[in-house]
Amino acid sequence: MNDIGVSEIVGEMLLLSIVVILAAVLSANVFGLLPSFEDIPYASFVGVNESNITIIHEGGDPIPLNDLRIIIDNRSSIIQCDFNGSNLYCNKVKVGSLNDDNGNDHWDFGECLTIYKDRVNGEKIKITIAHRRQVLCKLFFGW
């Protein structure tokens, strides 16, 4: 029997298996270091400027209120507002409220955020609706 080429094949197979195992270990370590990806909600809004500013969620994903920031720019100051329940507070002053119809602490389709104009002075107001990871919408009033 001719066994001359067997040792070369066994050596190649051992080398190939070592490379595959090292590649698997390395890729497992690299993927463990990558940040986890989180879905960012998509939603569309429309604003109505009457006696108060009303912003309506007109489509898309429901957004948890604790992930939302409302930034109001009245050209003289920029203030960041946060939700406490369904009420909107800027610097510990209530400036608006969300009609959370189902009480789930999410801004759902069809629900309206009312911002009181007398609490945010200015003829020209820019309102930015931001998720904690990205800006969702910018609305301009009085331009």
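The values are calculated or read from the model by the stated rules, or taken from the named source; none is laboratory data. It should be emphasised that the depicted structure is a prediction, and the values quoted were computed from it without experimental measurement. Because the Cβ atoms are built from the backbone with ideal geometry, glycine has one as well, and the counts that use them run over all protein chains shown. Please note that ligands, DNA and RNA were not included when accessible areas were found on the heavy atoms of the full protein model with its side chains. Shrake-Rupley method; radii C 1.70, N 1.55, O 1.52, S 1.80 Å.
Between Ala28, Ala130, Ala43, find the one with the highest GNM mean-square fluctuation for the chain; connect C-alpha pairs within less than 10 Å. Highest fluctuation among the options: Ala28.
Taking a straight Cα-Cα cut-off under 20 Å and skipping sequence neighbours fewer than 8 places away in the same chain, the aspartates and glutamates within cross-link reach of Lys92 are Asp67, Asp73, Asp82, Asp105, Asp118. By definition, a body whose alpha carbon gyration tensor gives a ≥ b ≥ c is oblate when a/c is 1.5 or more and a/b is not larger than b/c, and segment 34-82 fits this oblate description. For the residues Asn99, Asn29, Asn91, a GNM of the chain with alpha-carbon springs under 10 Å puts the largest fluctuation on Asn29. Comparing Cα centroids, segment 126-143 and segment 9-60 end up 25 angstrom apart.
So, with a 1.4 angstrom probe, what is the percent of accessible area on segment 57-143 that is carbon and sulfur? Could you put the intermediate results ahead of the total?
Working: 2020 of 4760 Å².
Carbon plus sulfur share of accessible area: 42 percent.
Can you tell me which of Gly11, Gly122, Gly103 moves the most in a GNM of the chain? Springs connect C-alpha atoms under 10 Å apart. Largest GNM mean-square fluctuation: Gly11. Values (1) 50, 36, 31; (2) 100, 46, 30; (3) 99, 35, 27 are given for comparison; Cα extents along the principal axes in Å, derived from the coordinates here, is the one labelled (3). When cysteine pairs in the chain are screened for C-beta atoms closer than 4.7 angstrom, the residues that find no partner are Cys112, Cys137. Solvent-accessible surface of segment 78-126, taken per residue with a 1.4 Å probe and all protein chains present: 57 Å². Between 0 and 90 degrees, rounded to the nearest ten: what's the tilt of helix 6-33 against the longest Cα principal axis of the chain? On a 0 to 90 degree scale, this one is about 10.
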